[in-house]
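Since the structure comes first, as structure tokens, the remarks are kept for the end.
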Ligand SMILES: [Fe+2]
């Protein structure tokens, strides 16, 4: 059984459409999202309704946390705050109910899904956590695989029970050692920050113990133009172009 994991779609319907088209026909049994489905992009309502229509389960991202709890808006920089205030006005009551119901983490198919850092933080960035604290967090997890997003860049960390090691994580199939534990940052569908404008997501095959990094080209110019046309902060449009 293959599982597709997406993160940080960020209201980018152009990217999400191409990612869903890429998933089609690959024998994927389940599609999951690590949150930050909204914010920055011009089509948050279409993104949330598409997740609902496809039965894509999600966890809470920091942008959804701000939708649930406006007091959290102070955590963001001014451009992100402005984008979120506009995003909230674009969301239907139905989508706000969906967002309010998102859990901090999920455990499914033997893996943990959390937006920021395990066990359950939607706000903590992987790069903020000291190596010894990363190891402690992984030691405390019963799951062998933990998927995170939040930084918008790909990262693969292997844990052999004694120490952590960053390992190469490249486009295409990456083989995992079934005996080891992994922390996997799957990058971003709709707001990549790795200098490559293509949408990133992964397909996990637990039987073959592989992680396939998919890098999907899409019309980033169109997505950027929608952000500008909506009057949302231009920096979130320019970043889409790499
Ligand atoms: Fe994000």
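Before moving on, here are some points about what is shown:
- Residues that are away from the ligand (no atom under 16 Å from the Cβ) and under 16 Å from the mean Cα position of the chain (by Cα), drawn from segment 19-31: 20, 23, 30, 31
- Which numbered condition residue 102 misses (of (1) farther than 18 Å from residue 201 by Cβ; (2) more than 16 Å from the chain's Cα centre (by Cα)): (2)
- Selected residue (criterion: farthest from residue 119 (Cα to Cα)) from residues of segment 146-180 that are more than 16 Å from the ligand (Cβ to nearest atom) and surrounded by 21 or more Cβ atoms within 10 Å (Cβ to Cβ): 176
- Total residues in segment 202-242, condition assigned to a loop (DSSP other than H, G, I, E, B) and either surrounded by 16 or more Cβ atoms within 10 Å (Cβ to Cβ) or at negative phi (or both): 10
- Residues (modelled with pLDDT of 95 or more and either within 16 Å of the ligand (Cβ to nearest atom) or surrounded by fewer than 19 Cβ atoms within 10 Å (Cβ to Cβ) (or both)) located in segment 109-120: 113, 114, 115, 116, 117, 119, 120
- If the condition is being modelled with pLDDT of 95 or more, more than 16 Å from the ligand (Cβ to nearest atom) and part of a helix (DSSP H, G or I), then segment 45-73 contributes 45, 46, 49, 50, 52, 53.
- Residues that are touching a helix residue (DSSP H, G or I) at 6+ places or on another chain (Cβ under 6 Å), more than 16 Å from the ligand (Cβ to nearest atom) and under 30 Å from residue 86 (Cα atoms) do occur in segment 205-216.
- Neighbours by Cβ (under 7 Å, 6+ apart or cross-chain): first from segment 40-61, at positive phi; second buried (at least 20 other Cβ atoms within 10 Å of the Cβ): 40/10; 40/11; 40/83; 40/191; 40/236
The values are calculated or read from the model by the stated rules, or taken from the named source; none is laboratory data. In this text the structure is predicted, and so the values were computed from the model without any measurement. Counting neighbours? That spans all protein chains shown, and the Cβs are built from the backbone with ideal geometry, glycine included.
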